[in-house]
Amino acid sequence: MACENNLVVKQIIDLYDQISKLECLKPSKYVDTLFGQLVSTCLPTDTNIDVTKLSDEVKDMRSNLIKLCGEAEGYLEQHFSTILGSLDQNPLDHLNIFPYYNNYLKLGKLEFDLLSQHSSHVPNKIAFVGSGPMPLTSIVLAKFHLPNTTFHNFDIDSHANTLASSLVSRDPDLSKRMVFHTTDVLNATEGLDQYDVVFLAALVGMDKEAKVKAIEHLEKHMAPGAVLMLRSAHALRAFLYPIVDSSDLKGFQLLTIFHPTDDVVNSVVIARKLGGSNMNGVNGTRGCMFMPCNCSKVHAIMNNRCKKMMVEEFSAIE
């Protein structure tokens, strides 16, 4: 097929062949180089590739590659979380040693801006499902954008939560606003209706069936009117992360699918649980209105970045 004859796709297949032969995916110079090359190869958004139209063989390769990327990402976060947690100083003052910290700063600012567009109140409680050993999204949002919000981080791995908790334990502010729960999201039922916003990490649900199952569970237990924010992927970046389609969001009003074209890899999907009003908080009380975030240290205003982005807006009468 034409897609598979594309030079970039051939390069991705070649990198997959090398990565799949690695005995270990933990950080090393060679492993880091291979995955760095893979990310660089998948970043361009001007390549007309539809991964759903690839052959079954290449689709299987893509599924395996996403799993390998997820495993390597977990090892990378575990490695740097362990280093940061061993420091004598506050680990949060040294997050810049993590190779992709600047990407999280950009992504956090982007997601805050998008959330601000589709919510009339500052969320009191946010849940992040699949937070991992370095819950950088929660940390960035809490430090720079939502200074009065409590973040509940869910992960199935107790060791990941131990490392993550160590990162914030010495911070006088975030140690009070970060809560960690060790559980499979599919076992989390009571309490999910208490969150104004629920984030679903890109690597929760590594294939379509598992992703949809997680979304269906959240839809069943989230409060009407609550916002669901998901990570997706577009074009070549879909070789790195799973895609979330609008058809996957039954029971939600799809608001925006946002495709960055800079070095922020993930697309952002925003939806609202049907049956409620965004004018009120989850518990039925009006929250405070969103105001410009003076504490933000990332000054990428969306209007100034419009040439670097692709946004799909859907009918959403506020």
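The values are calculated or read from the model by the stated rules, or taken from the named source; none is laboratory data. Quick caveat: nothing in here was measured; it's all calculated off a predicted structure. Positions of Cβ are backbone-derived with ideal geometry, glycine not excepted, and every protein chain shown enters the neighbour counts. Please note that ligands, DNA and RNA were not included when accessible areas were found on the heavy atoms of the full protein model with its side chains. Shrake-Rupley method; radii C 1.70, N 1.55, O 1.52, S 1.80 Å.
Hey, which of these cross-link pairs are over 26 Å Cα-Cα: Lys67/Lys176; Lys67/Lys213; Lys109/Lys176; Lys125/Lys273; Lys10/Lys67; Lys26/Lys176? Please list the in-between numbers first.
Values: Lys67/Lys176 34 Å; Lys67/Lys213 17 Å; Lys109/Lys176 22 Å; Lys125/Lys273 16 Å; Lys10/Lys67 19 Å; Lys26/Lys176 32 Å.
Exceeds cut-off: Lys67/Lys176; Lys26/Lys176.
As a length-normalised measure over Cα pairs under 8 Å and 6 or more apart, the relative contact order of the stretch 40-178 settles at 25 percent. Each Lys and Arg contributes +1 and each Asp and Glu -1, all at the Cβ; summed about the Cα centre of the stretch 2-140, the dipole is approximately 180 debye.
How high is the relative contact order of the stretch 223-268, in percent, with contacts defined as C-alpha pairs under 8 Å that are six or more residues apart?
Working: 42 pairs, mean separation 19.4, N = 46.
The value is 42 percent.
Charge dipole (Cα centre; +1 on Lys/Arg Cβ, -1 on Asp/Glu Cβ; no other charges) of the stretch 200-266 amounts to roughly 140 debye. Listed by chain and number, the aspartates and glutamates placed with their C-alpha closer than 12 angstrom to that of Lys53 are Glu4; residues fewer than eight positions away on the same chain are left out. Here's the thing: no aspartates and glutamates lie within a cross-link span of Lys29, going by alpha-carbon distance under 13 Å and ignoring same-chain residues fewer than 8 apart. Once you have a ≥ b ≥ c as the square roots of the Cα gyration tensor eigenvalues for the stretch 217-271, tell me rounded if a/c is under 1.5, and otherwise prolate or oblate according to whether a/b is larger than b/c. Taking the square roots of the gyration eigenvalues as a ≥ b ≥ c, the stretch 217-271 is prolate.
In the context of the full protein assembly, Lys208 retains an accessible surface of approximately 90 Å², using a probe radius of 1.4 Å and ignoring ligands and nucleic acids. Computed from backbone phi with θ = phi - 60° and the Karplus coefficients 6.51, -1.76 and 1.60, the 3J(HN,Hα) list for the stretch 64-77 is 5, 5, 4, 5, 5, 4, x, 5, 5, 5, x, 5, 5, 5 Hz; x is used for glycine and proline.
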